[in-house]
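See below for the structure under consideration.
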Amino acid sequence: MQANSDTAPPGTAAPERLNEAGLRRDGRLERLALFGLASPAMLLILVILVIPVGWLFYVSFLGADGSFSLENYERMISRKSYARIFVTTFQVSLLTTGICILIGYPLAYFMSQLPDRLANIALITVLLPFWTSLLVRTYAWLVLLQRQGLVNDWGISLGLWEEPLKLVHNMTGTLIGMVHIMLPFLILPVYGSMKAINRDLMKAASNLGAHPRRAFWDVFFPLTMPGLSAGALMVFILCLGFFVTPAVLGGGKVIMVSMQIVRNIELFVNWGAASALGVVLLVLTMAILWIASRFLKLENLAGGGHG
Amino acid sequence: MSWLNKPATETQITHGQRLWLYILAVIIMILLVTPTLIVIPMSFSDSQYLEFPPETWSTRWYNSYFGSPEWMRATATSLKVAVLTMLVATPVGVLAAYGLHASNVAFVRAAFVLMLTPMMVPLVLIAIGAFYAYVQLKILYTVTGLVLAHTVLALPLVVIVTGSALKSYDMAQENAARSLGAPRWKAFMTVTLPQIKFGVITAALLSFLTSFDEVVVAMFISGGDNPTLTRNMFNALRDQIDPTIASISTIMILVTTCMMVLAQTLGRDRRPK
């Protein structure tokens, strides 16, 4: 262990070199021992996650009779209902990401311009829903958006619309809930990249005669791209595998891949079909992450949570 | 209003010119916060239906929650699992973060990617994988199984938070302690750990919350005698809108807010930079 404590006494150059190989070996052993500290964590992840998911890969290639077959994948291609599920999944993910950008970017910009004390208060409004349980927030939207819910009550009494609108148990409700849950994942990285911009750059742009709009789009906006793309990627990836919110607020009308996986197991006990869907979802997620990692620093993404 | 004509940005846009931004931002902030907060007054309503503002106030939905052995059992399970997850995930994750930080063998990067897989693999897939594995290991519907699965979900957060605390710590201090004769573990416990403790506390609280809030995995591997609170809530939500859920939600908001306030006060690094 203590490789550096047994160095040779001063003035004896030759034995020091003799020790070199031993020292290097000790150093290597020590680094391996240190790496070993990570082994309980890696073992847990291997046993609870990697091996079972690997088994699902294997099962996805088994047919109903237990022999090797591609029927689970063929079904996905041949049946219209499966194509629709993938279309819905991408539709929900893209729309959620898009709305999050449209709503989140201006808010992050607003927050980045506030003096520190006010900015901290504004930040709490972003962080509070971030802490709150996913289920609680989904439930809150269910209550607000239902037929006799608060939104319909107020909308009608203010004369904005006459009949109660169908706001939940459909795509509208799903999108409202998803956007609310995903917004902090977009706002926080964008806000971070905006705060890091040197404000003098905007002054310089103005000074050189740029119209404020031009200064914004040519100077400010490109500098926020790393945060914006990291946040948008995070939101999109989380949406692809989302389950709880569409299951509760979609009311069975919005079927995403993750919900079909659960249905295949709970209703039909069809592990092959569920696994094949899971494999496609995982491969899609990894492919998107891989492509993105070639353009972005993925370290920026760390620090999420998902449901 | 002279304030409206004052320049607000470096590019001399006035407050008046971007009034729309202020209005939009305030509306978004209200939309972010109110949906969750509105559950709190609703939970004190006396009515069968969820109304706002409630016409008469009562604590009947709290009575119905605290009076139900089923909800109480689920709450106890959730709290037990969350505390155990915190106690397992924190040391295991801190060890891993330290090991990966201090060792520079060639495959550290690969190991780091492995540590992050629980965050990248879709939850549903983790859930059905664990379900299958637990049938084989005969730990389906047990507290042990839940704690192990939630630990796996919490590990990436612990490794990231502790790892970033380690990054701003100077390892030379530990080397100094060791060259003065302290064994490695002692140097870690007395020199390194006190300096990264803010990160470790934050990591511990995050792993508690990860477990306490988790729905999808618990849906598959909790049940029988040990359903979690979130699993029962999710099932209740699919059936009908029972105001009891509002009271449980209020309590959950209270628990998570307390945790986050704790994390802010205990986990903040107050040393001068």
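The values are calculated or read from the model by the stated rules, or taken from the named source; none is laboratory data. Because the structure is predicted, anything quoted here is derived from the model rather than measured. Neighbour counts run over all protein chains shown; Cβ positions are idealised from the backbone, glycine included.
Overview of results
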quantity: Subset tally (residues that are within 11 Å of another protein chain (Cβ to nearest Cβ) and closer than 24 Å to A:Thr96 by Cα) for the range A:163-220; calculated: 9
quantity: A:Leu56 being without any contact (Cβ under 8 Å) to a residue 24 or more places away in the chain and either crowded, with 19+ Cβ neighbours inside 10 Å or more than 8 Å from every other protein chain (Cβ to nearest Cβ) (or both); calculated: no
quantity: Selected residue [among the hydroxyl-bearing types (Ser, Thr, Tyr) and closer than 29 Å to B:Asp239 by Cα] from A:Ser293, A:Ser275, A:Ser229; calculated: A:Ser275
quantity: Filter result for B:Ser207 (buried (at least 19 other Cβ atoms within 10 Å of the Cβ), farther than 30 Å from B:Phe131 by Cα and touching a residue at least 12 places away in the same chain (Cβ under 8 Å)); calculated: no
quantity: Matching residues, the range A:138-170, being touching a residue at least 60 places away in the same chain (Cβ under 8 Å) and not β-branched (Val, Ile, Thr); calculated: A:Tyr139, A:Trp141, A:Leu142, A:Leu145, A:His169, A:Asn170
quantity: Number of the condition not met by B:Arg231 [criteria: (1) surrounded by fewer than 15 Cβ atoms within 10 Å (Cβ to Cβ); (2) at pLDDT 90 or above; (3) not β-branched (Val, Ile, Thr)]; calculated: (1)
quantity: Boolean, B:Glu55 is at pLDDT below 85 and surrounded by 18 or more Cβ atoms within 10 Å (Cβ to Cβ); calculated: no
quantity: So A:Ala13, is it exposed (fewer than 10 other Cβ atoms within 10 Å of the Cβ) and at pLDDT 60 or above; calculated: no
quantity: Filter pass, B:Leu79 being more than 23 Å from A:Leu142 (Cα to Cα) and touching a residue at least 12 places away in the same chain (Cβ under 8 Å); calculated: yes
quantity: Number of the condition not met by B:Pro227 [criteria: (1) out of contact with any Leu (no Cβ under 9 Å at 6 or more places or on another chain); (2) without any contact (Cβ under 8 Å) to a residue 60 or more places away in the chain; (3) of a type outside the set (S, T, N, Q); (4) closer than 28 Å to B:Ala76 by Cα]; calculated: (2)
quantity: B:Leu31 facing chain A (nearest Cβ under 9 Å), assigned to a helix (DSSP H, G or I), aliphatic (A, V, I, L, M) and touching a helix residue (DSSP H, G or I) at 6+ places or on another chain (Cβ under 8 Å); calculated: yes
quantity: Lone unmet requirement of (1) hydrophobic (A, V, I, L, M, F, W, C); (2) in contact with a Phe, Trp or Tyr (Cβ under 6 Å, 6 or more places away or on another chain); (3) facing another protein chain (nearest Cβ under 10 Å) for A:Val235; calculated: (3)
quantity: Counted residues, the range B:70-94 - those being closer than 15 Å to B:Ser207 by Cα and either touching a Cys at 6+ places or on another chain (Cβ under 6 Å) or aliphatic (A, V, I, L, M) (or both); calculated: 11
quantity: The range B:4-21, residues that are part of a loop (DSSP other than H, G, I, E, B) and more than 10 Å from chain A (Cβ to nearest Cβ); calculated: B:Lys6, B:His15
quantity: A:Leu160 farther than 30 Å from B:Thr244 by Cα, more than 12 Å from chain B (Cβ to nearest Cβ) and out of contact with any Leu (no Cβ under 9 Å at 6 or more places or on another chain); calculated: yes
quantity: Filtered residues of the range B:161-204 (kept if within 12 Å of chain A (Cβ to nearest Cβ), part of a helix (DSSP H, G or I) and touching a residue at least 40 places away in the same chain (Cβ under 8 Å)); calculated: B:Val161, B:Thr162, B:Gly163, B:Lys167, B:Phe188, B:Thr202, B:Ala203
quantity: Qualifying positions in the range B:1-35 - modelled with pLDDT of 85 or more and hydroxyl-bearing (Ser, Thr, Tyr); calculated: B:Tyr22, B:Thr34
quantity: Counted residues, the range A:218-275 - those being in contact with a Lys or Arg (Cβ under 9 Å, 6 or more places away or on another chain) and surrounded by fewer than 21 Cβ atoms within 10 Å (Cβ to Cβ); calculated: 2
quantity: Qualifying position, being facing another protein chain (nearest Cβ under 7 Å) and in a helix (DSSP H, G or I), among A:Thr97, A:Thr125; calculated: A:Thr125
quantity: Residue in the range B:169-187 that is out of contact with any strand residue (DSSP E or B) (no Cβ under 6 Å at 6 or more places or on another chain) and within 18 Å of B:Ala89 (Cα to Cα) present; calculated: no
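Quick grid of which residues meet (1) among the aromatic types (Phe, Trp, Tyr); (2) in contact with a Pro (Cβ under 7 Å, 6 or more places away or on another chain); (3) buried (at least 17 other Cβ atoms within 10 Å of the Cβ):
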position	(1), (2), (3)
B:Gly99	no, no, yes
B:Phe107	yes, no, no
B:Met115	no, yes, yes
B:Val124	no, no, yes
B:Leu157	no, no, yes
B:Gln173	no, no, no
B:Trp185	yes, no, no
B:Met189	no, no, no
